[in-house]
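Following: one structure in structure tokens, then a few remarks.
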Amino acid sequence: MKNIIVKANAGALTNFEVLDLLNSRGASKDTTRVIASETVSRSEYKVYDYLMETAASTQTRESVTKFSDKCKDFKLAKAEILNIINLRPSSDVELTPILEKPDEREIDIEGILALVQELLPPLPTVEAQKENEQEETENDEQS
Amino acid sequence: MFCLSELEDTVRVPPSDLNLPLEVAIKKALQKLFLDKVLSIGLCVAIYGIKSIEGGFVLPGDGAATYKVVFRIVVFRPFVGEVIAAKFKESDSNGLRLTLGFFEDVYVPAPLIPTPNRCEPDPYNRNQMRWVWKYGDDEFIIDDSCQNISYPPVPTERAEDAKPFAPMVVTGTIDDDGLGPVSWWEACAPISDDEA
């Protein structure tokens, strides 16, 4: 089966965008999975489950666009903005590994953290995560 | 973590699907071909959309219609230096193994675990080894209390046929500030949300 890769990288996607795509195809969190499984396959559901536990599940398109616009003022690389949106660091120690050589570039860490607090919704709560763990019937992930 | 890739391929729609609307039938065939498969560009996660369809010829001796399709797929391909949150799955004397739910071959080899550390047999689970990080006087256990570990993937390897069970492997390190189980750094968060 010959296939030609026209463009290996036609654009990076934030976790939010992938989640949005799966949502628009009908993926949802509860037991209506069986009905939606016409359009969303099992392996796509695994991605969906993973993303629902990350910051992406509480983000909106508007907040993400606004955030990436504002980030331009901070002179961040595109990959760093992507990582920040995906991980939503809430403290200095979480933000530093994302940035490359922050000291040499004089990055305003406080400013970025304040922007994250302001624009990006907080992570899903731990209680919700624990419920997820119990809800899953097939625990491939946990040995 | 994810990116879009544009591909062009010749897709064969089986005769049983020819009563479906064309796009649906082609999408179905594409999903079967690409979903959850590792290509040279990464792990294909979802079909993003179809850009163009050509053809529709029926080759002699075959009941199926063949189309030339240009489409975009969502590919999981972490870049070098990316920080990812994953769940701890198991550990052995070579290092840790983490999982992302849809992708289970994330390894943190022993040299990339913050030193000094030691590996000891797990008192709770006979088959597994437990890694403990010794920092100052405290010891931190890397355990599986369902917490996220962040790590930057060091180059991803795609062994062609070397490992039949792992066509794509992501190697990460947790040997840096802010990396490792989330619980290690919770105490440091000045602006803390109420959860991990």
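The values are calculated or read from the model by the stated rules, or taken from the named source; none is laboratory data. Just so it is clear, the structure is predicted and the values come from calculations on it, not from any experiment. Note that each Cβ is placed from the backbone with ideal geometry, even for glycine, and that neighbours are counted across all protein chains shown. Accessible surface areas use protein heavy atoms only, side chains included; no ligands, DNA or RNA. Shrake-Rupley method; radii C 1.70, N 1.55, O 1.52, S 1.80 Å.
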Completion exercise
Looking across the stretch B:44-67 at residues that are more than 34 Å from the chain's Cα centre (by Cα) and not aliphatic (A, V, I, L, M), the single one that is most open to solvent (accessible area, probe 1.4 Å) is B:57
Practice task
Go over the candidates B:24, B:70, B:75 one by one and state the one that is farther than 30 Å from residue B:174 by Cα and part of a strand (DSSP E or B).
Solution key: B:70
Practice task
Consider residue B:88 carefully, then state whether it is outside any loop (DSSP other than H, G, I, E, B), touching an Asp or Glu at 6+ places or on another chain (Cβ under 9 Å) and either open to solvent by 10 Å² or more (accessible area, probe 1.4 Å) or among the β-branched types (Val, Ile, Thr) (or both).
Solution key: yes
Problem - Yes/no for residue A:109 being under 17 Å from residue B:84 (Cβ atoms), at pLDDT 75 or above and more than 10 Å from chain B (Cβ to nearest Cβ) - result: no
Completion exercise
Counted residues in the stretch A:43-100 being among the aromatic types (Phe, Trp, Tyr) and within 14 Å of chain B (Cβ to nearest Cβ) come to 3
Practice task
Can you confirm whether the stretch B:70-92 contains a residue that is over 28 Å from residue A:87 (Cα atoms) and acidic (Asp, Glu)?
Solution key: no
Practice task
Looking only at the stretch B:30-61, count how many residues are of a type in the set (Asp, Glu) and out of contact with any helix residue (DSSP H, G or I) (no Cβ under 9 Å at 6 or more places or on another chain).
Solution key: 1
Practice task
May I ask you to say which residue of A:44, A:94, A:80 is charged (D, E, K, R) and either part of a loop (DSSP other than H, G, I, E, B) or modelled with pLDDT under 80 (or both)?
Solution key: A:94
Handout entry: Yes/no for residue A:81 being touching a Lys or Arg at 6+ places or on another chain (Cβ under 9 Å) and closer than 26 Å to residue A:11 by Cβ
Key = yes
Exercise for the section: Return the total of residues in the stretch B:44-59 being at pLDDT 85 or above and either outside any strand (DSSP E or B) or farther than 16 Å from residue B:10 by Cα (or both). Expected result: 4
Practice task
Report, by residue number, each residue of the stretch A:57-92 that is open to solvent by less than 30 Å² (accessible area, probe 1.4 Å), under 18 Å from residue A:122 (Cβ atoms) and not polar (S, T, N, Q).
Solution key: A:64, A:67, A:84, A:85, A:88, A:89
